[in-house]
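Student: Take this structure, written in structure tokens, and hold onto it; I'll ask about it next.
The values are calculated or read from the model by the stated rules, or taken from the named source; none is laboratory data. Just so you know, these numbers come straight off a predicted model, no measurement behind them. Note: ideal-geometry Cβ built from the backbone for every residue, glycine included; neighbour counts use all protein chains shown.
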Amino acid sequence: MKAVRFQGSGGVTLAAEVGGDRAAIPVILMHGGGQTHHSWGTAARDLVEGGFHVISLDLRGHGESDWSPQGDYTIDAFAADLAAVASTLSSPPALVGASLGGATSLIAVGEGKLAARALVLVDVVPKLERAGAERIGEFMRANPHGFANLDEVADAVSRYISHRPRPSNIEGLRRNVRLREDGRLYWHWDPKVIGNIGRREAPIEFRNRLALAAEQVRVPALLVRGKLSEVVSDDGVEDLRRRIPHVEFVDVAGAGHMVAGDDNDAFNSAVESFLARLI
């Protein structure tokens with residue numbers, strides 16, 4: 001995998017890790033809100049080894065991608081970035097999106113903003129559980145003044161993902177934060193992200209938009225849910241199945257909303273076996 005930058009929309013450039021033969025079927029990985037491309041674990045590498053051309057993006061305002069000068073972190077801005085990256089490819093990509101990245105991918109495919117080969121939604125459906133979604137927002141809004149050290153970062157993550165053991169080696173968390181001039185560590189995203197995501201539309205309007213987009217999905221589709229997810233319930237799964245009758249479904253036992261991080265092997269296996277049928 002090598003570092004590459006893409007031109008997004010509105011003058012924003014996007015950081016990505018890219019690997020595999022450019023002539024192979026392309027796969028674009030879109031992480032969730034507040035994450036970076038590192039959240040996929042070994043998925044990108046495994047897909048490259050499986051014969052795909054993989055682009056693992058940092059969404060605008062996240063990781064090493066540009067922050068929007070206008071603070072534009074609407075779903076339309078994320079979708080426009082995705083379409084811009086897809087336009088550089090020689091064939092339609094398969095999209096793998098978690099949470100915000102999944103909602104973006106669903107909008108892009110269902111509303112015809114780009115031609116896609118397949119769609120993988122990771123713990124995201126139109127009918128999200130409000131309490132679970134609000135808990136994500138609370139986590140992202142917490143600690144606006146940063147952290148004194150990595151131990152404090154690890155404590156915050158452990159409180160949020162209580163079903164996952166606190167890592168004995170916390171150095172891996174360093175890539176999720178950035179050191180500012182005040183000597184404190186801050187999450188690796190623009191603080192304006194949390195106040196801006198999806199705010200152009202009221203929650204019910206946004207949900208309806210996702211639902212209508214789902215009904216227009218004609219490409220092969222897969223939903224991967226963390227069995228312990230507070231965001232995607234059985235009702236949400238059934239609602240998606242009504243809207244995308246051909247969607248396949250994999251439930252990852254022991255995993256929560258951060259499916260790839262909770263059980264990377266099970267997640268990779270589910271996605272790789274689905275995408276392998278496209279070759």
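Student: Would you confirm whether or not segment 163-183 contains a residue that is closer than 23 Å to Lys227 by Cβ, touching a residue at least 24 places away in the same chain (Cβ under 8 Å), out of contact with any strand residue (DSSP E or B) (no Cβ under 7 Å at 6 or more places or on another chain) and not assigned by TED's automatic domain parsing to the domain that holds Ile75? Even if it seems obvious, please write down each step before you answer.
Tutor: Of all residues in segment 163-183, those closer than 23 Å to Lys227 by Cβ come to 163-167.
Okay, now just the ones that are also touching a residue at least 24 places away in the same chain (Cβ under 8 Å), so 163-164.
This time we only want the ones that are out of contact with any strand residue (DSSP E or B) (no Cβ under 7 Å at 6 or more places or on another chain), so: 163-164.
Next cut, not assigned by TED's automatic domain parsing to the domain that holds Ile75 only: 163-164.
For segment 163-183, residues closer than 23 Å to Lys227 by Cβ, touching a residue at least 24 places away in the same chain (Cβ under 8 Å), out of contact with any strand residue (DSSP E or B) (no Cβ under 7 Å at 6 or more places or on another chain) and not assigned by TED's automatic domain parsing to the domain that holds Ile75: present.
Student: Something else about it: Having 1 or more residues that are farther than 17 Å from Ala213 by Cα, touching a helix residue (DSSP H, G or I) at 6+ places or on another chain (Cβ under 7 Å) and assigned by TED's automatic domain parsing to the domain that holds Gly256 is the bar; report the helices (runs of 4 or more DSSP H) wholly within segment 35-118 that clear it. Spell out how you get there, then give the answer.
Tutor: Numbers: elements: 43-49, 75-86, 100-110.
Where helices (runs of 4 or more DSSP H) fall fully within segment 35-118 and carry at least 1 residues being farther than 17 Å from Ala213 by Cα, touching a helix residue (DSSP H, G or I) at 6+ places or on another chain (Cβ under 7 Å) and assigned by TED's automatic domain parsing to the domain that holds Gly256, they are 43-49.
Student: Return the residue satisfying two criteria in turn: it lies in segment 226-238 and is out of contact with any Leu (no Cβ under 9 Å at 6 or more places or on another chain) and touching a residue at least 60 places away in the same chain (Cβ under 8 Å), and of such residues it is farthest from Ile136 (Cα to Cα).
Tutor: Going residue by residue through segment 226-238, those that are out of contact with any Leu (no Cβ under 9 Å at 6 or more places or on another chain) are 226-230, 234-235, 238.
Among the residues that remain, those that are also touching a residue at least 60 places away in the same chain (Cβ under 8 Å) are: 226, 228-230, 235.
Working: Gly226: 15, Leu228: 14, Ser229: 11, Glu230: 10, Asp235: 20 Å.
Among residues in segment 226-238 that are out of contact with any Leu (no Cβ under 9 Å at 6 or more places or on another chain) and touching a residue at least 60 places away in the same chain (Cβ under 8 Å), the one farthest from Ile136 (Cα to Cα) is Asp235.
Student: If you don't mind, another one. List the number of the failed condition for Glu17; all other conditions in (1) in contact (Cβ under 8 Å) with a residue 24 or more places away in the chain; (2) out of contact with any His (no Cβ under 6 Å at 6 or more places or on another chain); (3) among the acidic types (Asp, Glu) hold.
Tutor: Against the list (1) in contact (Cβ under 8 Å) with a residue 24 or more places away in the chain; (2) out of contact with any His (no Cβ under 6 Å at 6 or more places or on another chain); (3) among the acidic types (Asp, Glu), Glu17 comes up short only on (2).
Student: Could you run through segment 247-257 and say how many residues are on the phi < 0 side of the Ramachandran plot and either touching a Gly at 6+ places or on another chain (Cβ under 9 Å) or part of a loop (DSSP other than H, G, I, E, B) (or both)? It would help to see each step written out before you state the result.
Tutor: Kept after step one, since they are on the phi < 0 side of the Ramachandran plot, are these residues of segment 247-257: 247-253, 255-257.
Retained after the next criterion (residues that are either touching a Gly at 6+ places or on another chain (Cβ under 9 Å) or part of a loop (DSSP other than H, G, I, E, B) (or both)): 247, 251-253, 255-257.
The qualifying residues number 7.
Student: Here's something else I'd like to know. Given (1) assigned to a helix (DSSP H, G or I); (2) modelled with pLDDT of 95 or more; (3) surrounded by 14 or more Cβ atoms within 10 Å (Cβ to Cβ), where does Ala260 come up short, assuming only one miss?
Tutor: Here Ala260 meets the rest and fails (2).
Student: For Arg225, work out the one condition from (1) over 16 Å from Ala103 (Cα atoms); (2) part of a strand (DSSP E or B) it doesn't fulfil.
Tutor: Among (1) over 16 Å from Ala103 (Cα atoms); (2) part of a strand (DSSP E or B), the lone unmet condition for Arg225 is (1).
Student: I would also like to ask the following. Quick one: what pairs do we get from segment 127-155, first residue under 14 Å from Ser99 (Cβ atoms), second surrounded by 13 or more Cβ atoms within 10 Å (Cβ to Cβ) and not aromatic (Phe, Trp, Tyr), C-beta under 6 Å, 6+ apart or different chains?
Tutor: Close Cβ pairs (under 6 Å, with a partner that is surrounded by 13 or more Cβ atoms within 10 Å (Cβ to Cβ) and not aromatic (Phe, Trp, Tyr)) amount to Leu128/Val231; Glu129/Val231; Glu129/Ser233; Gly132/Glu230; Gly132/Val231; Ala133/Val231; Met140/Gly34; Met140/Ile194.
Student: Something else now. Among the residues of segment 20-33, what is the count of those that are touching a residue at least 40 places away in the same chain (Cβ under 8 Å) and more than 13 Å from Phe78 (Cβ to Cβ)? Let's see the steps before the verdict.
Tutor: Residues of segment 20-33 that are touching a residue at least 40 places away in the same chain (Cβ under 8 Å), as a first pass: 22-23, 25-33.
Now drop any that are not more than 13 Å from Phe78 (Cβ to Cβ), which leaves 22-23, 25-27, 29.
So the count comes out to 6.
Student: Separate question: Only one residue in Arg218, Arg225 is of a type in the set (D, E, K, R), surrounded by 22 or more Cβ atoms within 10 Å (Cβ to Cβ) and in the same structural domain as Tyr73 (by TED's automatic domain parsing). Which one? I'd like the intermediate steps shown before the answer.
Tutor: Values: Arg218 fails: surrounded by 22 or more Cβ atoms within 10 Å (Cβ to Cβ).
Of the residues listed, the single one that is of a type in the set (D, E, K, R), surrounded by 22 or more Cβ atoms within 10 Å (Cβ to Cβ) and in the same structural domain as Tyr73 (by TED's automatic domain parsing) is Arg225.
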